[in-house]
Amino acid sequence: MNKKKEWSKKLLYVVLITYAVITLVPFVWALSSSFKTFAEISSGVMSFIPNEFTFENYRQIFIEEELFFRWLLNSVAIAGGGTALNLIFNSMAGYALARISFPGKKIWFMLILAVIMIPVQVTMIPNYLILKELGWLNSYQGMIVPAMINATFIFMMRQFFINFPKELEEAASLDGLGRFGMFIRVVLPLAKPALAAQAIFVFMGFWNDFMRPLIIMTDAEMYTLTVGLNSFKGQYVTYWNYIMAASMVFTLPVLVIYMFFNKFFMKGMSFTADK
Amino acid sequence: MKRKAWVFWSALMFLLLVAAGCSGNDGTTSGDGGGESEDGTTELTLAGWASSPEEEKLLNTQLEEFEEENPDITVKHEAIADQYMDVIKTRLVGGEGPDVFYLDAVEAPSLIETGVLEPLNSYVDDEFDAGDFEDTLIEAFKDEEGETYGFPKGYSTLGLFYNKEMLDEAGVDVPTNWEELEEAAIELTTEDTVGLGVAPQMARLQFIGESRSGDMVEDDMAAFGSEEVVQGLQPLVDLRTEEEAAAAPSEMGSESTGEMLGQGRAAMVMEGNWNVPYFEETFPEMDYGVAEIPEMNGTQGTMAYTVSYVMNQASDKKEAAWKLISYLTGKEGMKTWTETGIELPARQSVAEELGFEDDELRGPLVTGAEYATTWSDGPNLPTIYNNFDNEFLSAFLGEKSLEDALETGEKVANDEIGD
Amino acid sequence: MERAETSSTSKVKERKKKQRNNKRLLRDIIQGYGFMLPTILVLLTFILGPVLYAVFLSFFDVTLLGGTVLDFTGVDNYLRLMDDARAQRALLNTGLYVGIVVPVQTFLALFLAATLNAGLKGEKIFRIIYFLPTLTSSAVLTLIFMWMYNQNGLINNMLETVNLPTYNWIGDPNIALYSIMIMNIWATAPLFMVIYLAALQGVPKNLYEAAELDGANVIQRFWYITVPQLRPITSFVVIMGLIGTFQLFDQSYIFSGGSGGPSNSTLTVVLLIYQYAFKSLGTMGYATAIAFMLALIILVASILQRVLSKEEQFN
């Protein structure tokens, strides 16, 4: 029995490691490319170790791009602010849809589901016109406010809250906590794993968002990192060396955030499915 | 609890109000905010796509020179990182378009049709000398009445770029007609190298498709399924499918035919002058030459690509905008722009002054301008070339006969255009 | 007398109950809409507004540039869909894509999450490595994959060394869509893995312990405890998968340079919408009409999923 267990464990590790290699290869290649010269990347010779190790690409990004730190600030402000608002608002809406019975609930839920299904390509221009009317073009709020809720994660939070034990809420309401107080004091703390997952996704969404800042932000000072660092694609020639370095630079912060929130998936407590 | 909720909601409303309040100030920074600012200077916005660091530097030099000459005008340059036309169109719809912007000839007819571009004939004076531009280039920016909507900042043409060493080794001369090209390509093909690198796109091949007096676009409709066009392109497809002496970049793991040449995966390619600085930077060791594209069916042909500066019809700083355009496309400005050879000068006088005709690498490209097909063909060209590219690739890779592929493509394109 | 009293007290009670119910209803309305307020505000202004505008446009021939020109055509845009060969091809491609990608990525995500939640050593590192594809923007990922897919690329080199046939991953119309599928499964499975990981923390440990005592093996425990316990989350993952895959755009755009080729083999519905909305003039209305048909299809698929999985209905 034990021996069998040992074997299956080993097999599991083999599978896990193989998958890890498949996942890592593209990134190792991208990382090594970010230290290559443009000539070496273009030469078409595939190698994981740069022939001629250079920091030039990073120098171009950090030093030659005078606005780099401004772009970083913009990205952090938009992604940070947007994520905070999303966490509160999505959870509130998800909670209401899962636990409070109010007239019109079904319709709102359907509506929220329905809007996820409409491709952004058709709402892009009307959205732009609305932002223009509000005078929110080229501003942080133009980026944050229209995206401060996210139908996907309202849906996700609803699915999480549906399994939430009723007893806890009842106990809390006996303690004299009102709905909102209970939501903040009892429900949210128990939803940490879901909130952590949401935080990562929403942050990533804002952080990697390209098309919206591209259209909304007109001043170079207001660009986000994705837009600012995408200027290495010429009409005819693409500068892979810079693109790879830039992609490394903007993947890193998200990775750090992921690692931070990751711990919540380890020691989460939360919803016991009461079925 | 009630109090808490109350505090929360009022905080939220406050936040929203603040957000709305702040915006009042920001809103006016873009294009529509009044002609002049308080200190009497006019701020123009100039939008273009992002490109190489060198091009960026050149443009900045130009703009500095311009601002020095015109102290009452400042220029704000917006480099749109990607999907340039989508962004520009969205901004134009919203009335927030830049005052002056780049426009590729291929997009020009459809934009002219919508009336968002300012007609420029009335601005042109003798000093500007509009007759100095190459006729074939400026044609794409005119409407039927002869009104001009943009002036080219420069142009590029295709030439035959070849690897000298490979040609020497194989003992092949630089081909001057299609038969010689075929022979040379077959001769030059080895295990790792094809004779001819081909970009399977209408933007690169239109002149070949039309070499047997066919017309790929007729009355703004797709016509590339015609017998003449098929005959024009068939030799190229045969070279790939029968002789296996030609290949597309994606087949060889390259991004462009230029890269194929640099990587030694193709011995000859049909490429543009932007490769000259690119090769210098990335493949400094390579010994290559440039020749005119070989004659096809007894006539010379190549493609020309051009980009103009155009003015937003909704701009309220048109005087200043014209000053900027006339500087950038004027003799002086164009000289600054084309001196290093990123683009070829669209003005004959500048071309003569810079003497590119005698340049070993650029000479054949400059000569090509006389007989080139300019990449622009009516407002429906984007739909037409989209369907061509889509189907031609299958034929080029031998998945379908060329005739079938082009017929299907033509039909679909015309269905899409409708009436 | 006694009876009368009881009946009157019960009446009072009933009235009180009714009052309480009314009060309760009112409270629920206030609370419900209070919690939903920010969502409703944003939804109405930034999503529903534009969507209604788009619905409106779908009944016109629209040129937005240079002063909006509207030309009422009724349902022509919707009828046009019927004999648009490219739209049918796009729908076929998209359907095939959804049909393969959604089940595979859902199962892979569940499998990865379950393994990484089993208390193995080094779990943390695996969780980080597996998540890398999701962190990187899809544009960069697609470019990396195109490099690996090309004919002399990494993947073909590897296949060659183990004597397997090589493919023209990007250029062959019969293969190109599958190339995108592989890439997308690889890139999105970790995203759903994280959601499963979060949900797995809520599955009571004692269920597993009890099952182990009953002699259930790992696979049985997975099928009979993990899978049913995660049903609401699976429902979410599948619906999100459906929406995401039905709206495939980035990858096929980059793969084909925006054309959907070779021979329309990578043309997806959203790519088609994009082409009509931005590439050709006067077809904005048609683009929105296709978009609504697509939304309808996704909606039907989602409802079907919910019915099939027998999940509690929208209550």
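The values are calculated or read from the model by the stated rules, or taken from the named source; none is laboratory data. Quick caveat: nothing in here was measured; it's all calculated off a predicted structure. Positions of Cβ are backbone-derived with ideal geometry, glycine not excepted, and every protein chain shown enters the neighbour counts.
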*Failed criterion for B:Leu397 (all others in (1) in contact (Cβ under 8 Å) with a residue 12 or more places away in the chain; (2) buried (at least 24 other Cβ atoms within 10 Å of the Cβ); (3) under 26 Å from B:Glu242 (Cβ atoms) hold)*: (2)
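Sort out which residues of segment A:216-232 are outside any loop (DSSP other than H, G, I, E, B) and either surrounded by 19 or more Cβ atoms within 10 Å (Cβ to Cβ) or hydroxyl-bearing (Ser, Thr, Tyr) (or both), and write them in order of number. Working first, answer last.
In the first step, residues of segment A:216-232 are kept if they are outside any loop (DSSP other than H, G, I, E, B); the result is A:216, A:220-222, A:225-228.
A:Ile216, A:Met222, A:Leu225, A:Thr226, A:Val227, A:Gly228 - these are the residues of segment A:216-232 that are outside any loop (DSSP other than H, G, I, E, B) and either surrounded by 19 or more Cβ atoms within 10 Å (Cβ to Cβ) or hydroxyl-bearing (Ser, Thr, Tyr) (or both).
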*Restricting the first residue to segment B:110-122 and requiring it to be facing chain C (nearest Cβ under 7 Å) and among the aliphatic types (A, V, I, L, M), which pairs with a second residue that is part of a helix (DSSP H, G or I) and surrounded by 17 or more Cβ atoms within 10 Å (Cβ to Cβ) meet a Cβ separation below 6 Å and a spacing of at least six or different chains?*
B:Val116/B:Leu92
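Inspect segment B:312-327 for any residue being out of contact with any Pro (no Cβ under 7 Å at 6 or more places or on another chain), under 30 Å from B:Met216 (Cα atoms) and crowded, with 19+ Cβ neighbours inside 10 Å and give the result as yes or no.
Checked segment B:312-327: no residue is out of contact with any Pro (no Cβ under 7 Å at 6 or more places or on another chain), under 30 Å from B:Met216 (Cα atoms) and crowded, with 19+ Cβ neighbours inside 10 Å.
If you go through segment C:144-153 one residue at a time, do you hit one that is of a type in the set (A, V, I, L, M), within 22 Å of C:Phe249 (Cα to Cα), free of Cβ contacts under 8 Å to residues at least 24 places away in the same chain and in the same structural domain as C:Met193 (by TED's automatic domain parsing)? Walk me through how you get there before you give the answer.
Our first condition is that a residue be of a type in the set (A, V, I, L, M); within segment C:144-153, this holds for C:144, C:146, C:148.
Narrowing further to those that are within 22 Å of C:Phe249 (Cα to Cα): C:144, C:146, C:148.
So of that shortlist, the ones also free of Cβ contacts under 8 Å to residues at least 24 places away in the same chain come out as C:144, C:148.
Checking which are in the same structural domain as C:Met193 (by TED's automatic domain parsing) leaves us with C:144, C:148.
Yes, segment C:144-153 contains at least one residue that is of a type in the set (A, V, I, L, M), within 22 Å of C:Phe249 (Cα to Cα), free of Cβ contacts under 8 Å to residues at least 24 places away in the same chain and in the same structural domain as C:Met193 (by TED's automatic domain parsing).
Answer yes if at least one residue in segment C:285-300 is assigned to a helix (DSSP H, G or I), of a type outside the set (Gly, Ala, Ser) and within 14 Å of chain B (Cβ to nearest Cβ), and no otherwise.
Going through segment C:285-300, the residues assigned to a helix (DSSP H, G or I) turn out to be C:285-300.
Narrowing further to those that are of a type outside the set (Gly, Ala, Ser): C:286, C:288, C:290, C:292-294, C:296-300.
Those left that are additionally within 14 Å of chain B (Cβ to nearest Cβ): C:286, C:290.
Yes, there is a match, as at least one residue in segment C:285-300 is assigned to a helix (DSSP H, G or I), of a type outside the set (Gly, Ala, Ser) and within 14 Å of chain B (Cβ to nearest Cβ).
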*Residues that are modelled with pLDDT of 95 or more and on the phi > 0 side of the Ramachandran plot: which helices (runs of 4 or more DSSP H) entirely in segment B:361-419 hold 1 or more of them?*
none
*With the checklist (1) at the interface with another protein chain (Cβ under 9 Å from one of its Cβ atoms); (2) closer than 15 Å to C:Val98 by Cα; (3) not in a helix (DSSP H, G or I) in hand, flag the one item C:Gly258 doesn't pass.*
(2)
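Return the residues of segment C:22-33 that are within 12 Å of chain A (Cβ to nearest Cβ) and either closer than 14 Å to A:Arg99 by Cα or more than 36 Å from the chain's Cα centre (by Cα) (or both); say none if nothing qualifies.
Residues of segment C:22-33 that are within 12 Å of chain A (Cβ to nearest Cβ), as a first pass: C:24-33.
C:Arg24, C:Leu25, C:Arg27, C:Asp28, C:Ile29, C:Ile30, C:Gln31, C:Gly32, C:Tyr33, listed by residue number.
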_Looking at segment A:207-265 only, could you name the residues that are among the polar types (S, T, N, Q) and in contact with a strand residue (DSSP E or B) (Cβ under 8 Å, 6 or more places away or on another chain)?_
A:Thr218, A:Ser231, A:Gln235
*Which residue pairs have Cβ atoms under 6 Å apart, sit 6 or more places apart or on different chains, and have a first residue in segment B:154-178 that is in contact (Cβ under 8 Å) with a residue 24 or more places away in the chain and a second that is assigned to a strand (DSSP E or B) and among the charged types (D, E, K, R)?*
B:Phe161/B:Glu271; B:Asn177/B:Glu295
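Within the bounds of segment B:298-305, is there any residue that is among the aliphatic types (A, V, I, L, M), surrounded by 18 or more Cβ atoms within 10 Å (Cβ to Cβ) and touching a Gly at 6+ places or on another chain (Cβ under 9 Å)?
To start, the set of residues in segment B:298-305 that are among the aliphatic types (A, V, I, L, M) comprises B:303-304.
Subset that is surrounded by 18 or more Cβ atoms within 10 Å (Cβ to Cβ): B:303-304.
Keeping just the survivors that are touching a Gly at 6+ places or on another chain (Cβ under 9 Å) gives B:303-304.
Yes, segment B:298-305 contains a residue that is among the aliphatic types (A, V, I, L, M), surrounded by 18 or more Cβ atoms within 10 Å (Cβ to Cβ) and touching a Gly at 6+ places or on another chain (Cβ under 9 Å).
Among A:Asn86, A:Asn150, A:Asn138, A:Asn127, which is touching a Ser or Thr at 6+ places or on another chain (Cβ under 6 Å), of a type outside the set (Val, Ile, Thr) and surrounded by 19 or more Cβ atoms within 10 Å (Cβ to Cβ)?
Values: A:Asn86 fails: touching a Ser or Thr at 6+ places or on another chain (Cβ under 6 Å); A:Asn150 fails: touching a Ser or Thr at 6+ places or on another chain (Cβ under 6 Å); A:Asn127 fails: touching a Ser or Thr at 6+ places or on another chain (Cβ under 6 Å).
Result of the check over A:Asn86, A:Asn150, A:Asn138, A:Asn127: A:Asn138.
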*Among the helices (runs of 4 or more DSSP H) lying completely within segment B:77-191, list those that include at least 2 residues that are closer than 30 Å to A:Arg212 by Cα.*
B:84-93, B:108-114
*Given the structure, is C:Ile225 in a helix (DSSP H, G or I), over 28 Å from A:Met204 (Cα atoms), more than 9 Å from chain A (Cβ to nearest Cβ) and modelled with pLDDT of 85 or more?*
yes
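For segment B:64-76, which residues satisfy the criterion of being part of a helix (DSSP H, G or I) and under 20 Å from B:Asp316 (Cα atoms)? Give the steps one after another, and end with the answer.
At the first step, the residues of segment B:64-76 found to be part of a helix (DSSP H, G or I) are B:64-69.
If the condition is that a residue be part of a helix (DSSP H, G or I) and under 20 Å from B:Asp316 (Cα atoms), then B:Phe66, B:Glu67 are the ones that fit.
Would segment B:282-304 turn up any residue that is farther than 30 Å from B:Ala185 by Cβ and more than 19 Å from the chain's Cα centre (by Cα)?
Keep residues of segment B:282-304 that are farther than 30 Å from B:Ala185 by Cβ, which gives none.
Within segment B:282-304, not a single residue is farther than 30 Å from B:Ala185 by Cβ and more than 19 Å from the chain's Cα centre (by Cα).
Just give me the residues in segment A:169-181 being surrounded by 14 or more Cβ atoms within 10 Å (Cβ to Cβ) and more than 8 Å from every other protein chain (Cβ to nearest Cβ), in sequence order. Step through it out loud before you land on a result.
Just the residues of segment A:169-181 that are surrounded by 14 or more Cβ atoms within 10 Å (Cβ to Cβ), to begin with: A:169, A:172-173, A:177-181.
Passing the criteria: A:Glu169, A:Ala172, A:Ser173.
Is it the case, given these coordinates, that A:Phe38 is farther than 23 Å from C:Thr134 by Cβ and more than 12 Å from chain C (Cβ to nearest Cβ)? Working first, answer last.
Working: farther than 23 Å from C:Thr134 by Cβ: yes; more than 12 Å from chain C (Cβ to nearest Cβ): yes.
Spelling it out, A:Phe38 is indeed farther than 23 Å from C:Thr134 by Cβ and more than 12 Å from chain C (Cβ to nearest Cβ).
Do any helices (runs of 4 or more DSSP H) lying entirely in segment C:113-206 carry at least 1 residues that are under 23 Å from C:Val238 (Cβ atoms), at pLDDT below 85 and facing chain A (nearest Cβ under 9 Å), and which ones are they? Spell out how you get there, then give the answer.
Values: elements: C:123-135, C:138-149, C:154-161, C:176-200.
Counting at least 1 such residues, we get C:123-135, C:138-149, C:176-200.
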*Based on what the data block shows, is C:Val98 under 19 Å from C:Gly260 (Cα atoms) and either modelled with pLDDT of 90 or more or surrounded by 17 or more Cβ atoms within 10 Å (Cβ to Cβ) (or both)?*
yes
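Just checking, how many residues over segment B:214-242 are of a type in the set (S, T, N, Q) and within 19 Å of B:Gly378 (Cβ to Cβ)?
Looking only at segment B:214-242, we keep the residues that are of a type in the set (S, T, N, Q), and these are B:226, B:231, B:234, B:241.
Going one step further and asking which of them are within 19 Å of B:Gly378 (Cβ to Cβ), we end up with B:226.
Count: 1.
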*Restricting attention to segment C:63-84, report how many residues are assigned to a strand (DSSP E or B) and out of contact with any strand residue (DSSP E or B) (no Cβ under 6 Å at 6 or more places or on another chain).*
0
*When you go through (1) within 11 Å of chain A (Cβ to nearest Cβ); (2) of a type in the set (Asp, Glu); (3) over 29 Å from A:Phe155 (Cβ atoms) one by one for C:Glu209, which number turns out not to apply?*
(1)
*Where A:Met259 falls short, out of the listed (1) under 20 Å from the mean Cα position of the chain (by Cα); (2) over 19 Å from A:Ile78 (Cβ atoms); (3) within 8 Å of chain B (Cβ to nearest Cβ)*: (3)
*Hey, which of the helices (runs of 4 or more DSSP H) in segment A:28-110, taking only ones fully inside, have at least 1 residues that are closer than 30 Å to C:Gly153 by Cα and out of contact with any Cys (no Cβ under 6 Å at 6 or more places or on another chain)?*
A:38-42, A:56-59
